[in-house]
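Asker: Take this structure, written in structure tokens, and hold onto it; I'll ask about it next.
The values are calculated or read from the model by the stated rules, or taken from the named source; none is laboratory data. All of these numbers come straight from a predicted model, not from anything done at the bench. Positions of Cβ are backbone-derived with ideal geometry, glycine not excepted, and every protein chain shown enters the neighbour counts. Heavy atoms of the whole protein, side chains included, go into the accessibility calculation; ligands, DNA and RNA do not. Shrake-Rupley method; radii C 1.70, N 1.55, O 1.52, S 1.80 Å.
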Amino acid sequence: QVQLVESGGGLVQAGGSLRLSCVASGRTFTSYDMGWFRQALGKEREFVAAISVYGSITNYADSVKGRFTISRNNARNTVYLQMNNLKPEDTAVYCCAASRTRFSTDRTSYGYWGQGTQVTGSS
């Protein structure tokens, strides 16, 4: 089992940047593909980005391609989400998630979730 704790959220003006971090504890971090998802108020949770165990494969939602970058530091048991050129529509609670089964954009593939961190983009 793995525990996940996110940090780095906040309020940022349109066009600004934030970097989210997610620290994992418990089982070996390199057993898991990692993903970031977000859920805006009144909407379903949606995929944002994913990264494979050793970082060789990444995938992004079309809405964030070219603006967001996912990365991981296995020595620090941490996955990051660098968010640039933020827009008001990026406002959501961002959660990191871990999957032992397969690299995926599907939230049902992820068995472990953090509590989330709020990101608010103001216009």
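Asker: For the pair Arg45 and Ser25, what calculated FRET efficiency results from E = 1/(1 + (r/R0)^6), where r is the Cβ-Cβ distance and R0 = 25 Å, to the nearest 0.05?
Answerer: My answer for the efficiency is 0.65.
Asker: Net charge near Val53, counting Lys/Arg +1 and Asp/Glu -1 over other residues with Cβ under 12 Å of its Cβ?
Answerer: Result for the local shell: +2.
Asker: Quick check: with the 1.4 Å probe, what order do Ser21, Ser71 take by accessible area, largest first?
Answerer: Result of the area sort, largest leading: Ser71, Ser21.
Asker: Can you give the FRET efficiency for Ala61 and Ala14, using 1/(1 + (r/R0)^6), R0 = 25 Å, r = Cβ-Cβ distance, to the nearest 0.05?
Answerer: Calculated value: 0.85.
Asker: Of Thr28, Thr108, which has the most accessible area with a 1.4 Å probe, and how do the rest follow in descending order?
Answerer: Ranked from most to least accessible, the order is Thr108, Thr28.
Asker: Could you work out the equivalent-ellipsoid semi-axes for region 41-109, taking the square root of 5 times each eigenvalue of the Cα gyration tensor, largest first, in whole Å?
Answerer: So the three semi-axes of region 41-109 are 20, 15, 11 Å.
Asker: Okay, next question. Ratio of alpha-carbon Rg to the 2.2 N^0.38 Å globular estimate for region 1-80, to two decimals, please.
Answerer: Normalised Rg, Cα atoms only: 1.13.
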